[in-house]
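The values are calculated or read from the model by the stated rules, or taken from the named source; none is laboratory data. Remember, it's a predicted structure, so these values are computed and weren't measured experimentally. Methodologically, a virtual Cβ is constructed for each residue, glycine included, from the backbone with ideal geometry; neighbour enumeration extends over all protein chains shown.
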Amino acid sequence: MTLALHSDHARLFERNRFVYPVLSRRSGGISVGVNLNPDKVCNFDCIYCQVDRTRQSETRFVETDALIAELRATLDLVASRAIYETEKFRDVPPQLRRLNDVAFSGDGEPTTYKNFDELMQQCAEVKREAGLDGVKMVLITNASMFHRPHVQRGLEILDRNNGEIWAKLEAGTDEYYHLIERTPIPFRQILDNITAAARLRPLVIQALFMRVGGEPPSPAELEAFCDRLNEITAAGGKLKLVQIYTVARRPAESFVAPLAEAEVDAIVTLVKGRTGLNSIGYYGSAEY
Ligand code: SF4
């Protein structure tokens, strides 16, 4: 009976279309990912993106009821620890057998979802009903939509539900921003959005640096990146952490390659020295 139940559970999350549990060594536990872009459409086209857009997804739209049912079942699976009976998770070491967060990321920019605020509310309710108030809700975002009222409402819902916003900022100049993110959205919009959101709650900045055609970001670009961070804090924005990453998995473009560990460390040291902000570097295996 127990075995049958567990294999049912395994099939359940393997069939999921919107919600997927992953082991995140970085966060020291299980992260339950929620994909709000099953159509794989994004308003950025980052040169390092790992989403495979050469194959069309079978699921084109978020089906809210299905997503909520998957979230409820997956949280139950992790909270009840039945997940560690499944093939995919049975080798998770004991110290990592904890639920760390529900992360909204997926195959595109999550805040472009038109009912973003309502969905944040429903997901927060599922988390509360499961008795998981201590579990974070992490929004992984490029900050391009923060000026939209329904996104602002969604961010406020996150604030009330142990939310954390990880906003992408990985350039100091307009030119480099467009080289990396390949979007018509102006850099100024992103900077203004991050500043306004960071005035209301502390944000985490996510910055991914890489080699482009063999070249790491120039010292001038990294100085400019620190200048942008300093402008945000000078304008009253609160930044609780600057995460420095490099590419970990096969990116969209073959001219993109990772930085060496020492190069990531050097950027962390520069950011700390030039901005006084807390900064952490991550090298190889990015689970997010
Ligand atoms: S914002 Fe994220 S999903 Fe969109 S292209 Fe960039 S890396 Fe990919």
* **Residues of the range 137-186 classified as within 15 Å of the ligand (Cβ to nearest atom), over 24 Å from GLU223 (Cβ atoms) and free of Cβ contacts under 8 Å to residues at least 24 places away in the same chain, total** => 1
* Asked: Hey, among the residues in the range 42-80 that are among the hydroxyl-bearing types (Ser, Thr, Tyr) and over 13 Å from CYS123 (Cβ atoms), which one's surrounded by the most Cβ atoms within 10 Å (Cβ to Cβ)?
  -> TYR48
* To do: Answer yes if at least one residue in the range 89-97 is modelled with pLDDT under 95 and within 16 Å of the ligand (Cβ to nearest atom), and no otherwise.
  => no
* Among (1) surrounded by 22 or more Cβ atoms within 10 Å (Cβ to Cβ); (2) among the β-branched types (Val, Ile, Thr); (3) more than 16 Å from the ligand (Cβ to nearest atom), which single condition is THR86 missing? -> (1)
* Structure fact -> Per the list (1) among the aromatic types (Phe, Trp, Tyr); (2) under 24 Å from HIS178 (Cβ atoms); (3) more than 15 Å from the ligand (Cβ to nearest atom), residue check on TYR48 breaks on (3)
* To do: For the range 254-286, enumerate the residues that are surrounded by fewer than 15 Cβ atoms within 10 Å (Cβ to Cβ) and either over 27 Å from ALA197 (Cα atoms) or within 16 Å of the ligand (Cβ to nearest atom) (or both).
  => SER254, PHE255, ALA260, GLU261, ALA262, ASP265, GLY284, SER285
* Asked: Identify, please: which residue in the range 98-119 is away from the ligand (no atom under 16 Å from the Cβ) and over 18 Å from LEU155 (Cα atoms) and is, among those, surrounded by the most Cβ atoms within 10 Å (Cβ to Cβ)?
  -> LEU99
* To do: Among the residues of the range 60-73, write down those that are more than 16 Å from the ligand (Cβ to nearest atom) and either out of contact with any helix residue (DSSP H, G or I) (no Cβ under 8 Å at 6 or more places or on another chain) or closer than 14 Å to GLY106 by Cβ (or both).
  => ARG60, PHE61, GLU63, ASP65, ALA66, LEU67, ALA69, GLU70, LEU71
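Let's see how each residue does on (1) closer than 17 Å to LYS168 by Cβ; (2) touching a Leu at 6+ places or on another chain (Cβ under 9 Å):
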| position | (1), (2) |
| --- | --- |
| ASP227 | no, no |
| LYS240 | yes, yes |
| ILE244 | yes, yes |
| ARG250 | no, no |
| ALA257 | no, no |
| ILE267 | yes, yes |
| LEU270 | no, yes |
| ILE280 | yes, yes |
* Asked: Among the residues of the range 130-179 satisfying the criterion of being part of a strand (DSSP E or B) and among the β-branched types (Val, Ile, Thr), which is nearest to ALA69 (Cα to Cα)?
  -> VAL138
* **For LYS127: the one exception among (1) surrounded by 21 or more Cβ atoms within 10 Å (Cβ to Cβ); (2) among the charged types (D, E, K, R); (3) at pLDDT below 95** => (3)
* Within the range 221-242, can one find any residue that is in a helix (DSSP H, G or I), under 28 Å from LEU155 (Cβ atoms) and within 16 Å of the ligand (Cβ to nearest atom)? -> no
